[in-house]
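Data block below; observations after.
Only the coordinates and a few stated rules stand behind these numbers; no lab work does. This structure is a prediction, so every number in the text was calculated from the model and none was measured. Cβ coordinates were reconstructed from backbone atoms using ideal geometry, including for glycine residues, and neighbour counts include every protein chain displayed.
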Amino acid sequence: MATMKERFDAAFKRLEEQGITASLVFDDRGFVTSEYLEAYKLRAQMCGTGERWVGAARVGAGWSREGDLVYADRSGTRTPIEELWFDHQDRDPSIARALVEAMQAEGFRASWSGIAKDFVHVYLT
């Protein structure tokens, strides 16, 4: 059975094949939202997909040796992450729909309200 990381990689590859750059940002500094958005946009430009991007950020997160996405608190206790909220380029609803479909194809529960500015929710447990 594939690990969570392998499933994420496969979902992101599906998006890449549709010309969409997907980013996960794990940062201990705790950027403000606008800095994350700029990081997603910059990565999409570097990958040649322009304004076609999705991204999620989680401070203190990372992949465990087993391939699970976990959060480590200040004491070092690792807790599985249950949900990620993905931002997306909101002028093109096909991007959010593609993310939902790619994540669902890899066995994750994913949903989007259909409202342009709403996050795509991906449930990991």
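Note on Glu38 and Ala2: the extension gain reaches 9.8 nm, defined as 0.36 nm multiplied by sequence separation minus the Cα-Cα distance. Eigen-decomposition of the gyration tensor built on the alpha-carbon atoms of the range 51-110 gives equivalent ellipsoid semi-axes of 27, 14, 8 angstrom, largest listed first.
Loop-only check: which GluC sites (Glu not before Pro) in the range 57-108 are DSSP coil with at most 12 other Cβ within 10 angstrom?
Values: sites: Glu66, Glu82, Glu83, Glu101, Glu106; in loops: Glu66, Glu82, Glu106.
Those satisfying the criteria are Glu66, Glu82.
Near Cys47, once Lys and Arg are set to +1 and Asp and Glu to -1 for all other residues with Cβ below 14 Å from its Cβ, the sum equals +1.
For Ile81, the residues 5 or more places off, or on other chains, whose built amide H falls under 5 Å of its own are Leu69, Val70, Tyr71. Under 5 Å between amide hydrogens, built in the peptide plane, is the criterion, and for Arg109 it picks out Tyr123 among residues at least 5 positions away or on other chains. Along the chain, counting only trypsin sites (Lys or Arg not before Pro) with a DSSP assignment other than H, G, I, E or B and at most 10 other Cβ atoms inside a 10 Å radius, the longest segment between sites is 30-64. Out of these labelled values of Cα extents along the principal axes in Å, (1) 50, 40, 19; (2) 88, 26, 18; (3) 41, 34, 27, which was calculated from the coordinates shown here? Recomputing Cα extents along the principal axes in Å here gives the entry labelled (3). The calculated P(r) of the range 1-75, using every Cα pair and 5 Å bins from 0, goes 3, 16, 22, 21, 19, 14, 4, 1, 0 in percent. Among residues other than Ala2 with Cβ under 10 Å from its Cβ, the summed charge is -1 (Lys and Arg +1, Asp and Glu -1).
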